[in-house]
Structures are given as C-alpha cells and as structure tokens.
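Values in this text are rule-based calculations from the coordinates and carry no lab data. Nothing here was measured: the structure is a model prediction, and the numbers come from that model.
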Amino acid sequence: MVVTSKCIGHRVTGLYVGSSNVRRYFSKRATQIELKLDHLLIECGLSPDFWRDDPEIYDPRLCLWLESKQRNHNGHAQFAMALIPSGKNSFILDPASPANNEAAEPIFDEVGDAHEYMQSLD
C-alpha cells in the first residue's frame, strides 16, 4: 500500500495511511503495530480514532526516522512510501519504493503545491 508522511511545514508529525488502507490492511483489534524501518523495529500505538476519522500513525521515533528520510527526497514536506504487510500487525516501511508510480496522483501540502506523486488505490 502507498502511504505518505504527514507534515506541518518541514516537520514530520506522523504517517498518513488513509481510510481505505486502514479498512483493508489493519485489524480493528490491534492496539499497536510493529514497523520495520531499515534496521530498526519499533512498536507504534494506534488510537481509537485511527479507524474512524484519523487514519494516521503518530510516534516520535517514527517521525525522527521519517525526517531523516525526508532529506533524501529533496526536502519536500510530504513524500510517498510503500507500507508492506509482513505478518500479523507487522509492516515494513520502504521509502525507496512507493509501489508502482504508473497511475500516480500528486500529493498537495497545506498551500496546495504539488510535491511528489502517490499511487491511487481506488
């Protein structure tokens, strides 16, 4: 699945998963997930709002890792990544391959400027 970093300005605040991805790939029973970030393995808590109106993952360690990867994407505030299921409530986050870029859609920041491209899942 394709996900994007969630940013305010150039500061990363979380990982935007999207409602359709939440319904398709995440168990409603899960209160936390495992994320493999390069050589790191972290557990991130999921709030009850994750399944309702806030399909984002917030974790300070994840944000620091995303900010380090943001530099590799020319400093753009948001960038697309692949979130790959790797077991029950376990995922690999791969910033190098945002899935197939064939039918990509632009990602817009708060100002409406297009930055990167993201695969549509619909």
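Long-range amide H contacts for E56: which residues qualify at under 5 Å (H placed 1.01 Å from N, peptide plane, sequence gap of 5 or more or a different chain)?
Those lying under 5 Å, H to H, from E56 are V17.
So what are the ³J(HN,Hα) numbers for segment 30-40, from phi and the Karplus equation (6.51, -1.76, 1.60; θ = phi - 60°), rounded to whole Hz, Gly and Pro as x?
Karplus-based 3J(HN,Hα) across segment 30-40 equals 6, 9, 8, 10, 9, 10, 9, 10, 6, 8, 8 Hz.
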